[in-house]
1. Tell me the angle of helix 58-74 to the major Cα principal axis of the chain, expressed in degrees between 0 and 90 and rounded to the nearest ten.
2. If you take the charge dipole of the chain about its Cα centre, with +1 on Lys and Arg Cβ and -1 on Asp and Glu Cβ, which of Phe40, Ile29, Val52 is farthest toward its positive end?
3. Nearest 10 degrees is fine. How inclined is helix 7-20 to the longest principal axis of the chain, computing both from alpha carbons?
4. Which percent of the Cα-Cα distances in the chain go past 21 Å?
Amino acid sequence: MSDELAPVAAGLLHHVVSSIVERPDEVSIDASEDDDTIRFDVRVGNGDMGRVIGKRGRTAHAIRALVRAAAAKDGASVDVEFVD
């Protein structure tokens, strides 16, 4: 996990995703920056992606909303992608 870009948002994202999955040690978050947006690519262990996405994507949508709000403290614009 890269804490250099938007450390508050990255920390919150890691905490929330790790709390949801069955294998928190397999959570990895890669941060990259393009234009003025920081992109977090979230990878989880086998079988945990469904937990992170949730029914009709509601959990993923809620995670994105939380991380965007936390990114305001960092003064950054972020996007969260869940990578299979």
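1. Computed tilt is about 30 degrees.
2. Going by the charge dipole, the pick is Val52.
3. 10
4. Values: 707 of 3486 pairs.
Cα-Cα pairs in the chain separated by more than 21 Å: 20 percent.
Laboratory data are not the source of any read-out in this text; all were calculated from the coordinates shown. From a predicted model like this one, the values you see are computed outputs, not experimental measurements. We place every Cβ from the backbone using ideal geometry, glycine too, and count neighbours over all the protein chains shown.
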